[in-house]
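*Asks:* Starting off with a structure, shown below.
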Amino acid sequence: MSGRPASANATQDGVVLLHGISRTARSFRKMQTALEGCGFATLNQDYASRRKALEALAEDIHPSIQRFADGIDGSVHFVGHSMGGLLARVYIARYRPKRLGRVVMLGTPNSGSEIADRLKNVGTYRAFFGPAGQQLGTQRGAAIEALLPPVDYCVGIIAGDRSIYPITSAFLPKPHDGRVSVANTRLDGMSDHIVIRTSHPWLVRNSAAIVQTLAFLKDGKFSTQP
């Protein structure tokens, strides 16, 4: 189901919110409210994260993002949680908005996830996470690399360093958020990077992460304030 723009008008910047795999737009509600409170228009985009590969998902979300971009005169920013950050990269590579703004990624496995490496051949993992789940590993072939070309736009990355997953934590180099190592959130060409004391699922709702997201969208850098 496509998300709908909230509070959009012709003078606002807009923010496209892309949730992580196996989640929904509901996970971004707190972030969405904060963004709208600061004057941004928002498109909190739902998509079938477990049913299709990243390239097909980019095709699915394009019509609603295009309509959203056409409805504002300001910049179009992106905020993606986990795989949502990768989807933003794929989408921008294919359908870069004319007025592309800044991109914030929260816990995105830009260099892949060691957990996906361990589980990609396990039947239950394959069934639950679907085609996109097979694209999240650290060992990437030419096809995946082509989907995720180097970034030439302003990217800020927020990583977590706490875990609520004792089993999967054993597979990850420290520090990590229980799903992605801090090292693997980094991306060549990124503008800024910050680590928040929270775990992977809570990055979208963490107050400090929300404050830092707003700071980056406004200024192109994270706040140095505690």
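The values are calculated or read from the model by the stated rules, or taken from the named source; none is laboratory data. Everything quoted here is computed from the prediction, not taken from an experiment. For neighbour counting, all protein chains shown are included, and Cβ atoms are generated from backbone atoms with ideal geometry for every residue, glycine included. We work out accessible area using only protein heavy atoms, side chains counted, and drop any ligands, DNA or RNA first. Shrake-Rupley method; radii C 1.70, N 1.55, O 1.52, S 1.80 Å.
*Asks:* Can you tell me how many residues within region 68-98 are in a helix (DSSP H, G or I) and surrounded by 19 or more Cβ atoms within 10 Å (Cβ to Cβ)?
*Replies:* Counting residues in region 68-98 that are in a helix (DSSP H, G or I) and surrounded by 19 or more Cβ atoms within 10 Å (Cβ to Cβ) gives 12.
*Asks:* OK, next. Return a yes/no flag: does region 155-166 have any residue that is open to solvent by 20 Å² or more (accessible area, probe 1.4 Å) and hydroxyl-bearing (Ser, Thr, Tyr).
*Replies:* Yes: region 155-166 contains one or more residues that are open to solvent by 20 Å² or more (accessible area, probe 1.4 Å) and hydroxyl-bearing (Ser, Thr, Tyr).
*Asks:* Sticking with this one: Only one of ARG26, ARG51 is open to solvent by 20 Å² or more (accessible area, probe 1.4 Å), more than 19 Å from LEU100 (Cα to Cα), over 15 Å from the mean Cα position of the chain (by Cα) and not polar (S, T, N, Q). Can you tell me which?
*Replies:* Exactly one of ARG26, ARG51 is open to solvent by 20 Å² or more (accessible area, probe 1.4 Å), more than 19 Å from LEU100 (Cα to Cα), over 15 Å from the mean Cα position of the chain (by Cα) and not polar (S, T, N, Q), namely ARG51.
*Asks:* If you scan region 62-81, which residues turn out to be out of contact with any helix residue (DSSP H, G or I) (no Cβ under 6 Å at 6 or more places or on another chain) and aromatic (Phe, Trp, Tyr)?
*Replies:* Matches in region 62-81: PHE68 only.
*Asks:* Give the residue that is surrounded by the most Cβ atoms within 10 Å (Cβ to Cβ), with candidates limited to residues of region 169-222 that are aromatic (Phe, Trp, Tyr) and not in a loop (DSSP other than H, G, I, E, B).
*Replies:* The initial filter retains those residues of region 169-222 that are aromatic (Phe, Trp, Tyr), namely 171, 202, 216, 222.
Keeping just the survivors that are not in a loop (DSSP other than H, G, I, E, B) gives 171, 202, 216.
Values: PHE171: 17, TRP202: 18, PHE216: 25.
Selected residue: PHE216.
*Asks:* Any chance you could count how many residues in region 34-48 are in a helix (DSSP H, G or I) and loosely packed, with under 14 Cβ neighbours inside 10 Å? Spell out the reasoning first.
*Replies:* Filtering region 34-48 for residues in a helix (DSSP H, G or I) gives 34-37.
Filter again for loosely packed, with under 14 Cβ neighbours inside 10 Å, leaving 37.
Qualifying residue count for the region: 1.
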